[in-house]
1. When you go through Arg383, Arg408 one by one, which is the residue that is within 13 Å of Ile426 (Cβ to Cβ) and either of a type outside the set (Phe, Trp, Tyr) or surrounded by fewer than 16 Cβ atoms within 10 Å (Cβ to Cβ) (or both)?
2. What residue, among those in the range 280-299 that are surrounded by fewer than 16 Cβ atoms within 10 Å (Cβ to Cβ) and in a strand (DSSP E or B), is modelled with the lowest pLDDT?
3. Do we have any residue at all in the range 359-368 that's in contact (Cβ under 8 Å) with a residue 60 or more places away in the chain, more than 21 Å from Glu393 (Cα to Cα) and not in a strand (DSSP E or B)?
4. Just give me the residues in the range 373-414 being farther than 16 Å from Ala349 by Cβ, at pLDDT 95 or above and either in a loop (DSSP other than H, G, I, E, B) or not charged (D, E, K, R) (or both), in sequence order.
5. So Asp325 fits all but one of (1) in a loop (DSSP other than H, G, I, E, B); (2) within 16 Å of the chain's Cα centre (by Cα); (3) closer than 30 Å to Thr165 by Cα; what number is the exception?
6. So which of Val156, Val112, Val139 is hydrophobic (A, V, I, L, M, F, W, C), within 24 Å of the chain's Cα centre (by Cα), part of a strand (DSSP E or B) and modelled with pLDDT of 85 or more?
7. Which of the residues that make up the range 119-136 are out of contact with any Leu (no Cβ under 9 Å at 6 or more places or on another chain), at pLDDT 85 or above and either β-branched (Val, Ile, Thr) or under 13 Å from Ala50 (Cα atoms) (or both)?
8. Kindly indicate the residue of the range 159-207 that is out of contact with any helix residue (DSSP H, G or I) (no Cβ under 9 Å at 6 or more places or on another chain), among the β-branched types (Val, Ile, Thr) and modelled with pLDDT of 85 or more and also surrounded by the most Cβ atoms within 10 Å (Cβ to Cβ) among those meeting that condition.
Amino acid sequence: MRLSRWSHSLLRALLPALLLVVSLIAHSHATWAQSSAQPAAQLPPAWNDAVARLVSKIAGSAGSQRTISISVKNISLLTDADAAGISRALKAELARLGFYPRDASSSDAQVVVTLSEGEEGHVWVAQVKREAAEETTMVSVREPAPWDAQTRKPAVSLQRRIIYTQPERLADFSVADIAADNIIRMIVLEPTRLASYHFMSGQWRIALAKQLHPAAFPPRDPRGMIWQRSSELNAYLPGEYCTSSAWSEEGDLPCFSGHSPSPDLNWPLDAQGTQRGDADFQRNRNYFDGLATFYGQLPVTLPAFFTAAVLSTQDDDRWILTELDGKARLYDTSAKPSATFSGWGDDIATVATGCAGDWQVLVTGTGDWTQPDHIQVYEIRSREAVAIGQPLEFPGPILALWPSNDMRSARVVSRNLQTGLYEASIVSATCSE
């Protein structure tokens with residue numbers, strides 16, 4: 001059918017705009033390919049081969065979709081520069097195969113590549129999402145990374161030891177060392193009870209129990225903490241604080257209800273219990289109402305938060321708070337955050353791994369109560385959070401994460417979605433060359 005005069009006029013009017021759109025698309029594609037391809041030749045041959053193999057698999061998963069977004073997450077020992085070079089090489093190879101760059105919100109296919117490690121070398125995993133489908137593919141790279149042996153970063157590994165399980169909700173627990181009589185003692189804090197256990201004949205047996213009376217209207221997410229050192233025991237719940245010097249032997253555990261009348265009743269936010277930051281737990285909520293601390297001689301008040309990680313220095317303390325908007329923020333000089341970290345869960349804790357770097361933080365995932373969770377170690381470098389080592393997976397949500405006194409491990413309370421039991425675990429972080 002022939003075009004009418006109106007159609008010819010409309011086509012002539014739209015032609016410059018159409019040519020401009022085509023030119024912009026071609027320029028975007030060429031720019032992406034040119035900027036990505038430049039460092040590709042600098043990669044080791046085995047890496048270039050792995051890039052080609054992985055992109056071939058990505059292309060097969062993407063099918064006929066031509067617009068694509070790609071992001072790279074590095075949880076291996078590769079440096080940031082190595083990861084950036086691999087990212088550029090992946091984009092260049094995708095462009096060579098005819099894919100067009102887009103943001104994730106406007107692309108037909110979204111790709112997330114995770115750079116990790118296995119027992120025999122590097123493992124690169126690609127998750128490809130398109131329409132309602134999602135596929136995962138991977139390649140292995142046996143050739144080691146081209147780092148210098150003297151500058152290679154030590155690996156961090158996490159180990160989990162399950163100490164105790166029960167069907168009722170747990171808030172926290174504390175395990176004492178093995179005594180001379182070969183009996184292991186443990187304190188378990190529940191939302192309404194504090195109990196002392198002895199390990200005898202291969203099982204935990206309750207020795208003492210005290211009923212608690214926390215907030216009249218507890219939150220859906222009841223939280224609590226035990227702080228124990230030597231013979232001193234402090235137990236914290238929203239609205240109640242209990243203390244004793246020898247409760248497990250004598251059964252005397254005085255408790256105080258209501259908001260904290262003095263700083264001594266505030267929850268210890270650092271493993272050493274030095275009260276370097278003053279925060280009161282909200283009585284009918286599951287978060288702290290804010291953090292009062294000092295930077296130099298200047299008192300500052302930081303926002304409400306769920307948990308905190310602290311690095312104490314000679315001059316000041318540096319704090320990371322997981323705040324109520326779902327983001328974690330670093331405070332190191334003033335009440336204004338110096339860095340913001342996304343993709344973190346609500347529970348964090350400082351840990352001393354012994355690896356290079358002055359500050360490592362255990363961080364939970366962002367899932368809800370119906371999903372499995374994990375713990376990832378992050379190192380804070382120049383106000384940036386860098387994931388180090390492999391995440392430690394849990395078969396359910398993590399409900400509490402508190403640092404140990406030596407800061408080399410942490411107490412973790414989680415719920416196993418398969419068994420329905422609440423699990424008390426010790427998670428230890430170790431460093432190996």
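1. Values: Arg383 fails: within 13 Å of Ile426 (Cβ to Cβ).
Residue meeting the stated conditions: Arg408.
2. The selected residue is Phe294.
3. no
4. Initially, the range 373-414 is screened for residues farther than 16 Å from Ala349 by Cβ, giving 381-384, 386, 390, 393, 395-397.
Checking which are at pLDDT 95 or above leaves us with 393, 395-397.
Listed by number, the residues that qualify are Pro395, Gly396, Pro397.
5. Every condition holds for Asp325 apart from (3).
6. Details: Val156 fails: modelled with pLDDT of 85 or more; Val139 fails: within 24 Å of the chain's Cα centre (by Cα).
Testing whether each residue is hydrophobic (A, V, I, L, M, F, W, C), within 24 Å of the chain's Cα centre (by Cα), part of a strand (DSSP E or B) and modelled with pLDDT of 85 or more leaves just Val112.
7. Val128, Thr136
8. Filtering the range 159-207 for residues that are out of contact with any helix residue (DSSP H, G or I) (no Cβ under 9 Å at 6 or more places or on another chain), among the β-branched types (Val, Ile, Thr) and modelled with pLDDT of 85 or more, the one surrounded by the most Cβ atoms within 10 Å (Cβ to Cβ) comes out as Val188.
The values are calculated or read from the model by the stated rules, or taken from the named source; none is laboratory data. All figures in this text were calculated on a predicted structure; none of them were measured in a lab. With ideal geometry, Cβ positions are generated from the backbone for all residues, glycine too; neighbour counts draw on all protein chains shown.
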